[in-house]
Amino acid sequence: MITKPRGTEDVLPEESKLWQYIESTARCVCERFGYKEIRTPVFENTELFQRGVGDTTDVVQKEMYTFEDKGGRSLTLKPEGTATLVRSYIENSLYANPQPTKLSYIIPCFRYEKPQSGRLREFHQFGIECFGASSPATDAEVISLAYMFLKELKLTGIELNINSIGCPVCKKEYNEKLRSYFEKYKGELCPTCLERLEKNPMRIIDCKSDICSKIAKDAPKMIDYLCDECHNHFESVKERLTNMGISYTVNPDIVRGLDYYTKTVFEFVSDALGAQSTVCGGGRYSGLVEELGGKPADGIGFAAGLERLILVIKKQQEVSSVTEASPDIFIATMGDKAESFAQKLIFDLRNAGIHAEQDLCGRSLKAQMKYADKLSAKFSIVVGENELSENSANLKNMKDGEIIATALDVETLKSHLQEGK
Ligand code: ATP
Ligand code: MG
């Protein structure tokens, strides 16, 4: 038997419902905030991620699915969404529209990681990016969108952690402080972090290895070295969140995994997950649009991992209450004439927005009713010769057994079903 590749998942029909629920919640919240969906290729030129994610990151150093196509080009399956959106923003001159440009996406991502709960090699992200606005109001809007999305999913035990990692100006002084701190532990750092010590010492704070993270605990914090502008920006973001009633914790250890962040960074974490507790992460970046060949423009965004959200929902909620998809009505039939009448009636009911079902496997009447029960149909009727000639049948509420007479037309049935809801 051929099995699925390690770190990938099949989403079976029952679980698909949960995906659709999350995706439609995401789309619905984006619409209210004015974030429009963008669809981009599954693979990109490798260089985009090397430059756009940063070559000192875990993603670029260890995790990319990179391959050469038959034309000898180096391509990479998208490990994340931001670099691609920046490319598309530049390539399609979206900066020429009135700014900001507010975009959203739901994409598969590919990272060669050690598969475990909440960590896959193919996973999915819902994310947004806002380009061309550098005000603290933008940070607050982006964070508040993520907050509302998670709230509408009715997740509990979610905490928002925020931090500021400064701008190139204040980062410079800080990086020196950080470098001299880590120099003292040169003998203990992992080989990757030794390299980072030269190129980008802040990355060490994000290292997952036990020793490095222990050493990083007492390292100087960026938040103590912010320049006036970064400090004021951060204060304003916090004030706005408080105004909107969004509570947060300032966590000086959040630096985020990707190289391009500046100023505000944030994560939403869930207490329902073990080690992989971050369900959504994001931040502001400047310099990335320029780095990828565009005119300077600020960006800010986040990405939420859909598989992790599904893990949380499954732990906290009765999944069937989220994904309830039982038929509104099951129409059982006796005889060929009734069956063919029922099919037309069911088609018309479906056309009117009602979920109606019938038997397609030639079951006896008794077996049809058993099947209706299995499907958890809310109502049922039985149509035979008599019902056809009288154009009337008994509509049974499957929950309490109550029966009322109904005419066999779409309008009457529809109004009974709505009353019974
Ligand atoms: P982590 O620290 O957990 O590795 P990250 O910083 O690499 O996360 P981001 O690049 O910020 O993650 O991606 C945003 C979100 O995508 C994460 O918060 C998480 O919910 C999800 N995610 C990231 N990597 C994976 C993965 N391998 N499998 C499933 N979900 C993932
Ligand atoms: Mg990671």
Segment 265-350: C-alpha gyration tensor shape, a/c 1.5 cut-off, then a/b vs b/c: oblate
Assign one of three labels to segment 326-420, namely rounded, prolate or oblate, based on the Cα gyration tensor with a ≥ b ≥ c the square roots of its eigenvalues; rounded applies when a/c is under 1.5, prolate when it is not and a/b is larger than b/c, and oblate otherwise. rounded
When the Cα centres of segment 357-421 and segment 136-171 are compared, how far apart do they sit, in Å? 50 Å
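With the full set of protein chains in place, find how many percent of the accessible area of segment 366-417 is carbon and sulfur; take the probe as 1.4 Å.
Details: 1490 of 3040 Å².
Its accessible area is 49 percent carbon and sulfur atoms.
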Part-to-part distance (alpha-carbon centres) for segment 40-73 and segment 195-211, which is given in Å: 21 Å
Quick one: what are the phi-derived ³J(HN,Hα) couplings along segment 226-233, Karplus 6.51/-1.76/1.60 with θ = phi - 60°, whole Hz, x for glycine and proline? 5, 6, 4, 4, 5, 4, 5, 4
Given a 1.4 Å probe and heavy atoms of the protein chains only, how would you sort LEU226, LEU360, LEU85, largest accessible area at the top? LEU360, LEU226, LEU85
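Per residue, how much accessible area does the chain show when a 1.4 Å probe rolls over the protein heavy atoms, in square angstrom?
Values: 21140 Å² over 421 residues.
Solvent-accessible surface per residue comes out at 50 Å².
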Give the residues of segment 164-208 whose amide nitrogen is closer than 13 Å to a point set 7 Å from the Cα of ALA275 in the direction of its Cβ. 208
Compute the label zone of ASP55 within segment 277-296: residues whose backbone N is under 17 Å from the point 7 Å along Cα-to-Cβ. 291-293
Simple SL model, points at 7 angstrom along Cα→Cβ for ASP253 and ALA405; separation in nm is 7.3 nm
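Which whole-number percent is the relative contact order of segment 157-280 (Cα, under 8 Å, 6+ apart)? All intermediate terms of the calculation are to be shown ahead of the outcome.
Working: 174 pairs, mean separation 55.7, N = 124.
Relative contact order, segment 157-280: 45 percent.
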Would you please name the GluC sites (Glu not before Pro) within segment 141-205 that are DSSP coil residues with at most 14 other C-beta atoms within 10 Å of their C-beta? GLU188
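Greater than 22 Å separation of Cα atoms is the criterion. Which listed pairs, LYS78/LYS102; LYS62/LYS172; LYS172/LYS214; LYS36/LYS151; LYS177/LYS199, meet it? Intermediate results must be reported in sequence, preceding the final value.
Details: LYS78/LYS102 20 Å; LYS62/LYS172 26 Å; LYS172/LYS214 24 Å; LYS36/LYS151 20 Å; LYS177/LYS199 14 Å.
Violating the 22 Å limit, Cα to Cα: LYS62/LYS172; LYS172/LYS214.
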Contact order normalised by length for segment 326-420, with contacts defined as Cα pairs under 8 Å and 6 or more residues apart; what percent is it? 32 percent
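If the chain between ASN391 and LYS366 were fully stretched, how many nm would it gain, using 0.36 nm times the residue separation less the Cα-Cα distance? Could you put the intermediate results ahead of the total?
Values: separation 25, 0.36 × 25 = 9.00 nm, distance 2.22 nm.
Working it through step by step, the gained length comes to 6.8 nm.
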Checked the chain with the C-alpha gyration tensor, a ≥ b ≥ c its square-rooted eigenvalues, rounded below a/c of 1.5, otherwise prolate if a/b is larger than b/c and oblate if not; verdict prolate
Using just the helices of the chain, give the 222 nm mean residue ellipticity in deg cm²/dmol: DSSP H runs with n ≥ 4 each add -39,500 (n - 2.57), and the total is spread over all residues, rounded to 500. -12000 deg cm²/dmol
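The values are calculated or read from the model by the stated rules, or taken from the named source; none is laboratory data. Nothing here was measured: the structure is a model prediction, and the numbers come from that model. We place every Cβ from the backbone using ideal geometry, glycine too, and count neighbours over all the protein chains shown. The area values use the complete protein model at the heavy-atom level, side chains included, leaving out ligands, DNA and RNA. Shrake-Rupley method; radii C 1.70, N 1.55, O 1.52, S 1.80 Å.
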